[in-house]
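Trainee: Let me begin by handing over the structure; questions about it come next.
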Amino acid sequence: MNQEYDSHLEEAKGKIEDSVDLESLKKLEAELLGKNSVTTQAKRSLGGLEPEERRELGFILNETRTKLEDMLSAKRKNLSSELMQEQLESERLDLTEFDRGHRLGHRHVVTQTWERLEDLFIGMGYTVSEGPEIEDEWHNFGALNFPPGHPARDMYDTLYVDYGEPMSTLLRTHTSPVQIRVMEEEEPPIYSIMPGRVFRSDTADATHMPVFHQIEALVIDKGITFGDLAGTIEAFTNAYFGKDFESRLRPSYFPFTEPSAEFDIRHPGGKWLELGGCGMVHPEVLRAGGLDPEEWQGFAFGFGLDRLALMRHEIDDLRELFRNDYRFLAQF
Amino acid sequence: MKVLLSWLREFAPIQGETSLIGEQLSELGLAVESITHIGEHLDGVVVAKVLDLRPHPDADRIQIVEVDSGDGEPLQICCGAFNMSPGDFVPLATIGTVMPNGMEISRRKLRGEWSNGMLCSGAEIEIGDDDDGILILGSDSKQGTPLAESLGIESDVLYDLEVNPNRPDAMSVIGVARDLAAYQKIPFKIPEPKVSEKGKNVSEILKAEIVSPDLCGRFVARVIEGVSIADSPQWLQNRITSLGMRPVNNVVDVSNYVMLEMGQPSHTFDLASVSNSEFKVRWASDGEEIVTLDGVSRKLTTEDGVVADGSNVPIGIAGVMGGNSTEISEETSTVALEMAWWEPSAIAKTSRRLGLRSEASARFERGTDPEIIETAMRRFCELLEPEVSLLPGLVDEQGDMPAREKIKVRVSRVNSILGTDLDKKEILEILDPIGFEAKASKQDIEVTVPSFRPDTSLEIDVIEEIARIFGYENIVKTVPKSKTFGSLTAKQNDRRLIRSTLMGLGLDEVMPVPFLAPGELENAGLETDGIKVANPLVAEESVMRSSLRPGLLKTLAYNESHRLVGLKLFEIGHVYSHPQQPQPLPDEREHLVSLLAGDRVKEIVEIWSALADALAFRDYELIADSQAGFHATRTSRIEVQGRTVGFLGEIDPSVLASYEVSERVSCLEIDVDELLSIPHGHSHYKPFSRYPSSDIDLAFEVDESISSSEVRKCLEEKAGELLADINLFDVFRGAPVSEGRRSLAFKLRLQADDRTLTDTEVAEVHKDCIEAVEKKFSAKLRS
C-alpha cells in the first residue's frame, strides 16, 4: 500500500519539476490535491475500512499530502522568484543619468560671513540691529561727536545724495549711525551687533570698493569697562578665528569712542593683522543717544566684513565679490 | 610723521632694540608704518664724478655715462636718467652692492653696451623720496669717497608713524620723544638753545598788531641780522631729507628743521621789504589779492587770514603761504622771524580752499603749542649761528587763545571706565611725564592740560591718556555677561528662510553694486527720478537704484558675455526712492528680485508659491496685470490679503534688448518689507475630518482671457465648506478644444467634518459647480 503512494509521490515530483510557470503549477495543484486527486479519492474510501487499516492508510495519506504540498510550495516560491528576477531585470535604470540634475543655489560669500558672525554673537547673547543705508548727517557724524568742520570728517570720503539741504543726506560711511538709532529706540542694557552696507567715495581696486560691508558691536550697560571691551574682542577672536588666536588693542582715535583703539589679531608666532577699531562709547555719543553717561557706560567695536570673507576663502581681489561671475558664485 | 632715533635721543636717552622701540611706539598709539635702517644699504655706494655723456647707440631711454669712481680710470655705466652733466658728482652703486630692494648690482650688458654699476636716485638708496633723477651731490664732493662718509650719514633708524588727529604734539620729534620717555620711565628734557643776543631791542625797529584776535591767538616776531643765504650743513640737510623734506637753503631748512623738531612752523620776511616794519594780523577783505611765494596771484575771502604790512597790504596768507614781495633773497640781510598760533579751523578752511596743504598748515590745523614759541625762536637762531646775530627782545602780541583747561578727574571714574584699580599716586605718576600737571584733592585729581595738548578738554580725554601710558596691554580682560537674549528678529529669520528656500530651488545669490549710471533705470523701463549721488566719482555710480532689476540684468548680461547662460539668480537688498510725502530721509525698502534666464515663466510662479509656502502665507492671489519693465501680457500682480506685495512674469523683451540679454528672462519682484509686514507664519492646529472623502474631476473649456485662478475661485465658492482640497491637474490646448480656448481640469475633494457624504450631496455640488463655471465664464464642461 505504501509503495503505491510512494510511486504517486514520485510521479507527482516529476510533474511538479516539469511545471514551467505559476499557472500550470496551479493546475497541477488541483490535480494532485483537489477533489479528484488520488489522495482525496482514497480519503473518501477510508470509512469502509477496519479501524486498524483506516488508521494506517489515514496516516499514509496525510503524509503524502503534506509532501505534495511542500513540493508545490517550494516550486511556487521558485517560480515567483524567477518571475520577480525577470521583472527587475527588465526595469534596469542608469541612475547616473539623473546625477547633478538639480543643484542647490549658493549663498553669497558675504552673506555667509555675515550670518556666521550673526550666529556667533547671538551665541554670546547679542541681538542684531539694522538701520538705513541713506542716512542723515546727524546720525552719521553729528551724534557721533563729529562737529561740523571737524577734521576727522576728512577721514571718511563721504558720498552725499541730492536730498533735502545740500550735504544733509549721505550714504552712510560706517555702520556706527545704527548705534545712535538703537540708543534712540531701545532701553539699555543693549547688547547688539549691527552688520550692514556702507559707502565711501573710493575708486574700485583690489582692496577698495565704493560699497562694502561692516559689522559692529555695541554694548551699553552699567559698569561696562575697557577691560570688558578687550575681553569681548578676545572672546570673539577665539570664537571666530580659533582658540589659539590672540588679540591686542593699540591706542587710536575715533571721535565717537574714548579711549579708542585699533585691534589686531594674530596666530601665535604670526604677524599682527589689523582688524578693526574700537573703544569706550564717548560720553557725548551716549548723550546724543539720550543716555546719561554717569549712569550708563559702553563699548563699541567694528570691522570690515568683506575682508573676513576674502581671508576665509583666500580671495585676492575685493572686486570679485561684486562682479557676480557665476564661476565665482558657484564655488561657495 | 617720521622720526629718527638719533634725533629722539637728543631729548631722552631712549634704550632698546630697534623693533622693540617700534612696538613701544605702537603701544603708545603712534602706529609704526615702517622702520628704515639708514645707511644700511650704502656699503659699496661711492661718490663718482661724471666725465662724459653720450647717447646709447641702440636705446633712446638709456644713455652711456663715463664716470671716475676714484681711480682716475673712466668707467662705463648705462643710465636711464638724463639730469646730470659732466663734472657732476653722483652716487655710484659699485658691482656687488646690494640695493635696498634686494637687487645685487652686477656687471651686465644693456642692449649691447656694458654697464659697470648703477647711478642712483635719492629714493633708490633711501636718501629722501626723490626718484626724479640721479641724486646730484655737492660740488665739494670727492670721487671715490664712500657715499655715507661724503654725506656724513651715520647709521640711524627712521620710524614712519601714523599720527592721529588727537595728537598734535606727536607732529614733532620732541612730542614723540616725550611719549617714549614716559613709556621707558626715563628723563625727558628740551635743551635750552644757546644763542647770544646783541644790538638794538626789537621793539625799537618792529611793530605788530593783532587786528583780528579771533584769527590769531599769539603773534611773536624777532629780528635776525647778518643773514646770508647759503646751503645748510650736510648733517642738517640729511636729517630733514630723512623726514621727507627737500633742502633749499639755510633759512628755509632751519625753519623746517625747527618745525619738525618742535612742531612750530615759522615764517621769515625780508624786513627791508616790509612797509613801516610793521605787521597787521587780520581777516582778509573779500576779493583782496596776494601773490604768494609760488608766484601765483590768489584771491582771498573774509574767511582767510593775512599778515599785512604797515600799509595794510597783505604780505602773507596766515599759516598757509607767504607772499613773494617780502621773500628772503640773496640781498636780504635783516630777517624778521615770525611764529604764531593760528585758529586751527581758519587754517583748515583756507588751506583746503586754496589747495595749499603743507607740513606747516597740517600742524596749525591740529593746533600748535603756543608756549614753545620762545624756545623755537632761539633754536632757530642757534641753528643759523654763527653767521647771524639775534636782536634782544621780542614783539609778542596776544589774541584770543583758548584757556588752558583745568579738568577734574575722579579716581573712581578712571577705574570704572578702565576696569583698573589705580590709586591717586599711580595716576599722578602716569600723568606727570607726559606734561599733565596733576594735583590731588580729596577724592579727585585736578589736571592742568599742557599747552601742547589742545585736544584734551574732558575728563574722558585724561582717562584715555592714563590708559595709554598705563598700557592697554596691562588692563585685565573680562567678558561681560549679556543681559539680553541673543536672537534674530522675526524679519531677520524670515530673510534667512527666503534665502534658504531660494537656494533649495537652485538660485544663486548675487550682490551687484547699488549704484547705476544715468539711463539704466530708463532702460529697465522704470521711472527715472532715482535718488542722485551729489558727488559721484564716476557717472556709472551717480544714481542710487530704485529697483534691483537693473543690477541683476547687468549681471545676466555680464555672465552671458562670458558664455554663462541659463542662470537663476536672486538678490535681497535695499532700493531707494523719493517719498510721496516729505520725510527726513528718502524711501528705503528691502526688495527681493529673482531672475531666471531661459524660458522659465512656469518656474518663476513655482518659486513664488514655494516662498509663500515657506513663509506660510496661505492666502494670496495672482492677478493678471501690467507693470513697468515687465512683459505686457505675461505679468501678474501678487496680492496677499488684499495688499500688493510684488509682481512676477517675464521681463519686457525690449528691456532685455537694451541690456543685451539674449535669453528670455522671468522675474519675481517682491517688496520684502511689505510682504513681511502682513501677518503670517504657522497657525493653530486645525482638526481634519475622519470621514471618507469623495473626488470630482471637472474639465472646462474656457477662453484664454479667463485665468485659471478665477475659475478656481468660483469652484471654491460653490463647493463651500465641503471642499477639502482643489487642484488644477491638467491644462490642455489644441483639437478638439477650439482656438483661443483651453481646457482646465480640476480635481475637487469633498469631505464633511461630521458625516459621510451621500451620493446626492456630492451630485449636488457637482451640478452647482458646473452651472456656476459655465455661466460665469461662458465655459463648457468637457466630458
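Trainee: Taking only protein heavy atoms and a 1.4 Å probe, what accessible area per residue, in Å², does chain B have with all protein chains in place? Provide the component values of the computation, followed by the final result.
Mentor: Details: 35560 Å² over 783 residues.
Value returned for chain B: 45 Å² of accessible area per residue.
Trainee: Can I ask one more? Normalised by the residues of region A:261-332, what does the relative contact order come to in percent, with Cα pairs under 8 Å and at least six apart?
Mentor: Values: 61 pairs, mean separation 15.1, N = 72.
About 21 percent, as a whole number.
Trainee: OK, next. Within chain B, which complete DSSP H helices have Cα atoms spanning at least 15 Å along the helix axis and a mean Kyte-Doolittle hydropathy of -0.5 or higher?
Mentor: On the way: long enough: B:173-184 (16 Å, 0.74); B:250-262 (17 Å, 0.64); B:344-354 (16 Å, -0.45); B:373-384 (17 Å, 0.37); B:459-470 (16 Å, 0.69); B:490-504 (21 Å, -0.93); B:549-561 (18 Å, -0.54); B:601-614 (20 Å, 0.75); B:708-719 (16 Å, -1.01); B:759-777 (27 Å, -0.56).
Span-like helices, by this rule, are B:173-184, B:250-262, B:344-354, B:373-384, B:459-470, B:601-614.
Trainee: Gain in length, B:Val731 to B:Asp140, computed as 0.36 nm per residue apart minus the alpha-carbon separation, to one decimal in nm? Spell out each step's value before the answer.
Mentor: Details: separation 591, 0.36 × 591 = 212.76 nm, distance 10.05 nm.
That pair, B:Val731 and B:Asp140, stretches by 202.7 nm at full extension.
Trainee: If you don't mind, there's one more thing I want to ask. Here is the link list: A:Lys271/B:Lys406; B:Lys49/B:Lys109; A:Lys222/A:Lys271; B:Lys2/B:Lys408. Which ones come out longer than 32 Å on Cα distance?
Mentor: Numbers: A:Lys271/B:Lys406 42 Å; B:Lys49/B:Lys109 22 Å; A:Lys222/A:Lys271 36 Å; B:Lys2/B:Lys408 34 Å.
Beyond 32 Å between Cα atoms: A:Lys271/B:Lys406; A:Lys222/A:Lys271; B:Lys2/B:Lys408.
Trainee: Continuing with the same structure: Classify region A:109-329 as rounded, prolate or oblate from the Cα gyration tensor: take a ≥ b ≥ c as the square roots of its eigenvalues, call it rounded if a/c is under 1.5, otherwise prolate when a/b beats b/c and oblate if not. If you can, show how the numbers build up before the last one.
Mentor: Values: a/c = 1.65, a/b = 1.09, b/c = 1.51.
It comes out oblate by the Cα gyration axes.
Trainee: A further question follows. When the Karplus curve 6.51 cos²θ - 1.76 cosθ + 1.60 is applied with θ = phi - 60°, which whole-Hz ³J(HN,Hα) does each residue of region A:126-140 get, with x for Gly and Pro?
Mentor: 9, 9, 10, 10, 9, x, x, 7, 8, 10, 8, 4, 5, 5, 7
Trainee: To the nearest 100 Å², how much accessible surface do chains B and A hide from each other in total, with a 1.4 Å probe? Write down the numbers at each step before the final one.
Mentor: Details: alone 39190 and 19200 Å², together 51290 Å².
In total, this chain pair buries about 7100 Å².
Trainee: So for region B:45-153, averaging the separation of alpha carbon pairs under 8 Å that are six or more residues apart and normalising by length, what relative contact order in percent results? Provide the component values of the computation, followed by the final result.
Mentor: On the way: 249 pairs, mean separation 33.3, N = 109.
Computed over region B:45-153, the figure is 31 percent.
Trainee: Add +1 for every Lys or Arg and -1 for every Asp or Glu among the other residues with Cβ under 12 Å from the Cβ of B:Ser778, and state the total.
Mentor: Charge balance near B:Ser778 sits at +1.
Trainee: Moving to a separate point now. Residue separation times 0.36 nm, minus the C-alpha to C-alpha distance between B:Gln76 and B:Asp294: what's the value?
Mentor: Numbers: separation 218, 0.36 × 218 = 78.48 nm, distance 3.99 nm.
Length gained between B:Gln76 and B:Asp294: 74.5 nm.
Trainee: As a check on your grasp of the helix formula, calculate [θ] at 222 nm for chain B: sum -39500 (n - 2.57) over DSSP H runs of n ≥ 4, divide by the residue count, round to the nearest 500. Could the numbers behind the result be given before it?
Mentor: Working: 21 runs with 204 residues, N = 783.
Mean residue ellipticity at 222 nm (helix-derived): -7500 deg cm²/dmol.
Trainee: Considering only the other residues whose Cβ falls under 9 Å of the Cβ of B:Glu621, what net charge follows from Lys and Arg at +1 and Asp and Glu at -1? The partial results should precede the final answer.
Mentor: Details: positive: B:Arg637, B:Lys713; negative: B:Asp619, B:Glu639.
It works out to a net charge of 0.
Trainee: Which ³J(HN,Hα) values in Hz, rounded to whole numbers, follow from the phi angles of region B:321-328 under the Karplus curve 6.51 cos²θ - 1.76 cosθ + 1.60, where θ = phi - 60° and Gly and Pro get x?
Mentor: Working through the residues one at a time gives 7, x, x, 7, 6, 10, 5, 5 Hz.
Trainee: Also, quick follow-up: Where a Cα-Cα gap under 18 Å defines reach, which aspartates and glutamates qualify for B:Lys194, not counting those fewer than 8 residues away within the same chain?
Mentor: B:Glu10, B:Glu225, B:Glu261, B:Glu374, B:Glu382, B:Glu385, B:Glu387
Trainee: Here is a follow-up. Once you sort the root eigenvalues of the Cα gyration tensor of region B:656-782 as a ≥ b ≥ c, which label holds: rounded (a/c under 1.5), prolate (a/b larger than b/c) or oblate (the other case)?
Mentor: Working: a/c = 2.85, a/b = 1.29, b/c = 2.21.
Here region B:656-782 falls in the oblate category.
Trainee: Further question: Taking all protein chains as present, what is the carbon and sulfur share of the accessible area of region B:45-153, in % to the nearest whole number, probe 1.4 Å?
Mentor: Numbers: 2460 of 5480 Å².
For region B:45-153, the apolar C and S fraction of the accessible surface comes to 45 percent.
Trainee: In whole angstrom, note down how far apart the Cα centers of region B:255-313 and region B:520-588 are.
Mentor: Measuring centre to centre over Cα atoms gives 51 Å.
Trainee: Tell me, what is the FRET efficiency for A:Ala74 and A:Asp99 to the nearest 0.05, using R0 = 41 angstrom and their Cβ-Cβ distance as r?
Mentor: Values: r = 42 Å, r/R0 = 1.02.
About 0.45, to the nearest 0.05.
Trainee: For region B:169-196 and region A:246-311, what is the centre-to-centre distance using only Cα atoms, to the nearest Å?
Mentor: 30 Å
Trainee: Can you give me the distance in nm between label points at B:Ser228 and B:Glu374, each placed 7 Å from the Cα along the Cα-to-Cβ direction?
Mentor: 3.3 nm
Trainee: In Å and from the alpha-carbon atoms only, list the Rg and Dmax of the protein assembly as shown.
Mentor: Cα only, the protein assembly as shown: 44.5, 169 Å (Rg, Dmax).
Trainee: Another one. In region B:577-678, which GluC sites (Glu not before Pro) are in a loop and have at most 13 other Cβ atoms within 10 Å, using DSSP for the loop call?
Mentor: Listed in order of number, the matching sites are B:Glu660.
Trainee: Explain nothing, just the number: relative contact order of chain A, from Cα pairs under 8 Å at least 6 residues apart, as a whole percent.
Mentor: Values: 486 pairs, mean separation 48.4, N = 332.
Reported relative contact order: 15 percent.
Trainee: Sticking with this one: Roughly what % antiparallel, to the nearest 5, for the DSSP beta bridges in the protein assembly as shown?
Mentor: Working: 179 of 189 bridges.
Of all bridge pairs located within the protein assembly as shown, approximately 95 percent are antiparallel.
Trainee: Can you list residues whose amide H is under 5 Å from B:Lys2's amide H, if they're 5+ apart or on another chain and H is modeled 1.01 Å from N?
Mentor: B:Leu161
Trainee: While we're looking at this one, here's another question. Count neighbours as other Cβ atoms within 10 Å of each site's Cβ, and list the trypsin sites (Lys or Arg not before Pro) in region B:51-129 that are DSSP loop with at most 14 such neighbours. Walk me through the numbers before you get to the answer.
Mentor: Values: sites: B:Arg61, B:Arg107, B:Arg108, B:Lys109, B:Arg111; in loops: B:Arg107, B:Arg111.
Passing both the DSSP loop test and the Cβ count: B:Arg107, B:Arg111.
Trainee: Tell me, what ³J(HN,Hα) does each residue in region B:628-636 have, in order and in whole Hz, if you take phi through Karplus 6.51 cos²θ - 1.76 cosθ + 1.60 with θ = phi - 60° and put x for Gly and Pro?
Mentor: Along region B:628-636, the couplings run 3, x, 9, 4, 4, 10, 10, 9, 10 Hz.
Trainee: Continuing with this model, one more query. Using a cut-off of 14 Å between alpha-carbon atoms, which aspartates and glutamates can reach B:Lys442, once sequence neighbours fewer than 8 places away in the same chain are excluded?
Mentor: B:Asp423
Trainee: Taking a label point 7 Å from the Cα of B:Ile95 along the Cα→Cβ vector, which residues of region B:123-161 have an amide N closer than 20 Å to it?
Mentor: Answer for this model: B:144-147.
Trainee: For B:Leu5, what accessible area in Å² do you get when you roll a 1.4 Å probe over the heavy atoms of the protein chains, rounding to the nearest 10?
Mentor: 10 Å²
Trainee: Rounded to the nearest Å, what's the spacing between the alpha carbon centres of region B:745-763 and region B:669-744? Just the number, please.
Mentor: 17 Å
Trainee: Once you've got the Cα coordinates, tell me which of B:Lys718/B:Lys747; B:Lys424/B:Lys477; B:Lys568/B:Lys602; B:Lys713/B:Lys775; A:Lys26/A:Lys67 are over 18 Å apart. All intermediate terms of the calculation are to be shown ahead of the outcome.
Mentor: Working: B:Lys718/B:Lys747 14 Å; B:Lys424/B:Lys477 22 Å; B:Lys568/B:Lys602 13 Å; B:Lys713/B:Lys775 14 Å; A:Lys26/A:Lys67 16 Å.
Correct reply: B:Lys424/B:Lys477.
Trainee: Sticking with this structure for a sec: If ligands, DNA and RNA are left out, what is the accessible area of B:Trp235 with a 1.4 Å probe, given in Å² to the nearest 10?
Mentor: B:Trp235 has an accessible surface of roughly 120 Å² with all protein chains in place.
Trainee: Over region B:202-398, what is the percentage of antiparallel beta bridges among all DSSP beta bridges, to the nearest 5?
Mentor: On the way: 31 of 35 bridges.
Roughly 90 percent of the beta bridges in region B:202-398 run antiparallel, per DSSP.
Trainee: Run through region B:677-727 and list the GluC sites (Glu not before Pro) located in a DSSP loop whose Cβ has at most 14 other Cβ atoms within 10 Å.
Mentor: Numbers: sites: B:Glu701, B:Glu704, B:Glu710, B:Glu716, B:Glu717, B:Glu721; in loops: B:Glu704.
The qualifying sites are B:Glu704.
The values are calculated or read from the model by the stated rules, or taken from the named source; none is laboratory data. Here the structure is a predicted model, which means the values were calculated and not measured. Glycine also receives a Cβ, built like all others from the backbone with ideal geometry; neighbour counts cover every protein chain displayed. Remember, those area values only see protein heavy atoms, side chains included, never the ligands or the DNA or RNA. Shrake-Rupley method; radii C 1.70, N 1.55, O 1.52, S 1.80 Å.
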